[in-house]
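Accompanying notes for the structure given below.
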Amino acid sequence: MKKIVVFYYSQTGQAQQIAQNVCKPLAEAGYQVVYKCIEPVTPFPFPWSYWNFFQAFPETRLLMPAPIKEFDLSDVQDADLVFLAGQSWYLSPSQPIEAFLTSPQVRTYLKNRPVVTINGCRNMWAMAQKEVRKQLVSMEAQYVGHIVLQDYAPNLISVVTIFRWLFRQQKAATRIWPAAGVSDADMAGASRFGKLIQSALEQNDLEQLQSALVAAGSVPYKPSLVFVEKTGHRIFGFWAKFIRKAGDRNSPDRRFRLRLFVYYLFFVLYVVSPFGLLFFYLTYPLRMAGIRKEKADLLLNLKE
């Protein structure tokens, strides 16, 4: 009997549910699926408070994760495949996922093991995925596949719905707003990826797994959003350093700079980004070669 281990971090339950749906065909086929929750030493709240949500920004963007609890790995030393399920925060891996990837215990465990990553996010995953890939390659894990499930609401609408969910636990659709997060239909449909993974395991051939996953729609790619994300990721780096200079995590001394960042963030989202997208589409013909190269890198390249 083959054994699968799923490491996951899930504040809202979304990432956990996606992972369970991906693994459903494997469990039904008789595979032993072991779930291990990534637990921060100091838990992140859900629902978030406004202050805690934005306090997490600088350390997340600068890849300075809060510590996590160690795992008991004695029951998964013989695992045939590892899943890592989580989410993006501020165009970077969430702090618990980054803490997992930089844990000496985890890095030792994952060396030479095949790993599939799962990201349940709003709609921007590319820069986080590059960091995850970098970490997995550096620890000599066998990165064999990645799956992204996202919210398909228009970008500026999903900003509102995700905040309603994270701050007020209001996920359901209303007469005005669509439901927040990955849709129930998309989560249920994630089981198709599990069937492809099962087939690859039974054939002892994981080298072509990512190509099969991509063909099944495992990685939504929208070049305009990647363009916005890459620009935002670079600017977020400047803001994160600026805020950190005023104080460490949760320091009241950096409250003013965080407020400036919040004003900047919403100004860019609702005023600047539409013009940025217009510029992207006006220059699209000049970008086609670069877009093809970038798409192949994000969807199919599993090596740094």
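The values are calculated or read from the model by the stated rules, or taken from the named source; none is laboratory data. None of these values were measured; they are calculated from a predicted model. Cβ sites come from the backbone with ideal geometry, for glycine too, and all protein chains shown count toward neighbours. Keep in mind that these areas ignore ligands, DNA and RNA; they rest on the heavy atoms of the full protein, side chains included. Shrake-Rupley method; radii C 1.70, N 1.55, O 1.52, S 1.80 Å.
Taking THR174 as the residue in question, decide whether it is within 28 Å of VAL262 (Cα to Cα), without any contact (Cβ under 8 Å) to a residue 60 or more places away in the chain and open to solvent by less than 10 Å² (accessible area, probe 1.4 Å). When the stated conditions are applied, THR174 does not pass them. Considering each residue of the range 12-36, count those that are touching a residue at least 60 places away in the same chain (Cβ under 8 Å) and of a type outside the set (Ser, Thr, Tyr), and give that number. Counting residues in the range 12-36 that are touching a residue at least 60 places away in the same chain (Cβ under 8 Å) and of a type outside the set (Ser, Thr, Tyr) gives 13. The residue that is surrounded by the most Cβ atoms within 10 Å (Cβ to Cβ), counting only those in the range 146-169 that are in a loop (DSSP other than H, G, I, E, B) and touching a Phe, Trp or Tyr at 6+ places or on another chain (Cβ under 9 Å), is ALA153. Taking the range 11-126 and the helices (runs of 4 or more DSSP H) fully enclosed by it, the elements with 2 or more residues that are crowded, with 21+ Cβ neighbours inside 10 Å and under 15 Å from the mean Cα position of the chain (by Cα) are at 14-28, 57-61, 95-102. Remark: pairs (first residue in the range 49-62, in contact (Cβ under 8 Å) with a residue 24 or more places away in the chain; second residue outside any helix (DSSP H, G or I); Cβ separation under 6 Å; 6+ apart in sequence or on different chains) = GLN55/ASN250; PHE57/TYR90; GLU59/ARG249; THR60/TRP89; THR60/TYR90; THR60/SER92; ARG61/TYR90; ARG61/SER92.
Yes/no matrix, rows are residues, columns are (1) within 14 Å of TYR90 (Cα to Cα); (2) without any contact (Cβ under 8 Å) to a residue 12 or more places away in the chain:
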{"position": "ALA240", "(1), (2)": "yes, no"}
{"position": "ALA246", "(1), (2)": "no, yes"}
{"position": "ARG257", "(1), (2)": "no, no"}
{"position": "PHE261", "(1), (2)": "yes, no"}
{"position": "PHE266", "(1), (2)": "yes, yes"}
{"position": "GLY276", "(1), (2)": "no, no"}
{"position": "PHE280", "(1), (2)": "no, no"}
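For the range 243-254, enumerate the residues that are surrounded by 15 or more Cβ atoms within 10 Å (Cβ to Cβ) and either over 25 Å from the mean Cα position of the chain (by Cα) or not aliphatic (A, V, I, L, M) (or both). If the condition is that a residue be surrounded by 15 or more Cβ atoms within 10 Å (Cβ to Cβ) and either over 25 Å from the mean Cα position of the chain (by Cα) or not aliphatic (A, V, I, L, M) (or both), then ARG244, ALA246, GLY247, ARG254 are the ones that fit. The helices (runs of 4 or more DSSP H) found wholly in the range 225-304 include none carrying at least 2 residues that are at positive phi and acidic (Asp, Glu).
Reported count of residues in the range 170-201, each being closer than 19 Å to PRO220 by Cα, of a type in the set (S, T, N, Q) and in a helix (DSSP H, G or I), is 1. As for the range 142-151, it holds at least one residue that is among the polar types (S, T, N, Q) and within 16 Å of ASN123 (Cβ to Cβ).
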